[in-house]
Every structure is written in structure tokens, then in C-alpha cells.
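Trainee: Shown below is the structure under consideration.
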Amino acid sequence: MLKHLLSRWPLMRQLQGGGADGTGPEAMSDRTRDLRPKTFGAQVARSICPYCGVGCAQLVFHKDGKLISIEGDPESPISRGHLCPKGADTFELHTHAERLTKVKYRPPYATSWQDIDLETAMDWVADRVWDSRERTFQEKKDGEVLMQTTAIAHLGGATLDNEENYLIKKLFSAGLGMVCISNQARI
């Protein structure tokens, strides 16, 4: 009886079978023999990490419309499968139970936040940008033509490409007269 119990123990099978490194079949149990990677059967899409300008490649695993995992892409000449802490946490940042999925707004002098829909929030932002521009726009100063406002600013993200940055610069400087425009990649 004891011999039978000992023979089921992976360590004893390893010692008897000669698998000194512990990776052979003698080290497997019924449970571990049937284990599969968490990405088994999932589809994979290649992507780029959105958190800085480096452009580390990511593999996004999904199955049945559900996100399974996000990992570094070993075929990337930039990151070679490695991700920084922010990039490595991309999966949890998308799937964490405490992740905010609604726009939060706290009115002036209020003590609590309230949920508002995205369309309303976007309208409020647009109205406030336009109002700030209208109140602070300077056409001239000391007889010189300015056509600018310094009351609003834009800080772009480092993952924006050249074309997006070009359009942002044109819209905000020529369209709104903003002069305070910068990009995270420069900082």
C-alpha cells in the first residue's frame, strides 16, 4: 500500500525514472498532464502599446469576444517581447473590476461624483474650450496682430503619429489660436 502511494508521488517517479531535471513525464500528474496555456485556442492580434512613444509590440489574445491576455511580442525588433510595467499591465488596465467605464462629473462645490453620458461630456468640453477661447482671444496687442489665446493648451500623447500631430497642430493653432501646444514625447 505504501509503495503504491509513493509511486504516485512525482518525486519518487522522478527518482525511479531517471528524470533528474524534473521536466519529463515522470514529474507529471493527471492534473498537470492536461494543463494548457491560458492562451490555448485564442486568436491573436498584433498591436502597439499605447503608453509612450517607444512603440513596443504587443500580442493581444482574445477568444469568443473576450480579452484573454496581452503580452510582449517576441518578434518585435523594438522590444523583443519585453514590456515595461505599464505595458505589462495593459490587460489588467482593460479588465480590472474597478476600472471606470462611465464619465464622472463633480459639479462645482459638490461633494460627490455623478455619472454622465459620453456625448454630454464631449459637448461640455467643446463648449468650455470655445468659451475660454472667446473670452481670452487676443487679436492685437500693442498694435501688433496676435490672433492667439494662452488660456487653453494641448499636450499630445507620444503614440500619436506624425499625421495626427500635424492635424492637431493645424486645428489648435490655426483654428483656435492656441499657442501652448506640446507633446509628451518631447518632455
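Please treat every number below as a calculation from the coordinates, not as lab data. For clarity, every value in this text was computed on a predicted model and none was experimentally measured. Note that each Cβ is placed from the backbone with ideal geometry, even for glycine, and that neighbours are counted across all protein chains shown.
One line per residue, one yes/no per condition, for (1) in contact with an Asp or Glu (Cβ under 7 Å, 6 or more places away or on another chain); (2) of a type in the set (Asp, Glu); (3) free of Cβ contacts under 8 Å to residues at least 12 places away in the same chain:
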residue: Glu71; (1), (2), (3): no, yes, no
residue: Leu83; (1), (2), (3): no, no, no
residue: Ala110; (1), (2), (3): no, no, yes
residue: Asp142; (1), (2), (3): no, yes, yes
residue: Gly157; (1), (2), (3): no, no, no
residue: Asn162; (1), (2), (3): no, no, yes
residue: Ser182; (1), (2), (3): no, no, no
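Trainee: Test of understanding: among Arg133, Arg99, Arg128, Arg46, which residue is among the basic types (Lys, Arg), in contact with a Leu (Cβ under 9 Å, 6 or more places away or on another chain) and under 30 Å from Val179 (Cα atoms)?
Mentor: So the residue among Arg133, Arg99, Arg128, Arg46 that is among the basic types (Lys, Arg), in contact with a Leu (Cβ under 9 Å, 6 or more places away or on another chain) and under 30 Å from Val179 (Cα atoms) is Arg133.
Trainee: Another question, then. Kindly check whether there is at least one residue in region 83-104 that is over 30 Å from Ile68 (Cβ atoms), among the hydroxyl-bearing types (Ser, Thr, Tyr) and surrounded by 11 or more Cβ atoms within 10 Å (Cβ to Cβ).
Mentor: no
Trainee: Then there's this: Pick from region 66-82 the residues that are closer than 18 Å to Gln43 by Cα and out of contact with any strand residue (DSSP E or B) (no Cβ under 6 Å at 6 or more places or on another chain): which of them is surrounded by the fewest Cβ atoms within 10 Å (Cβ to Cβ)?
Mentor: The extreme case among them is Lys66.
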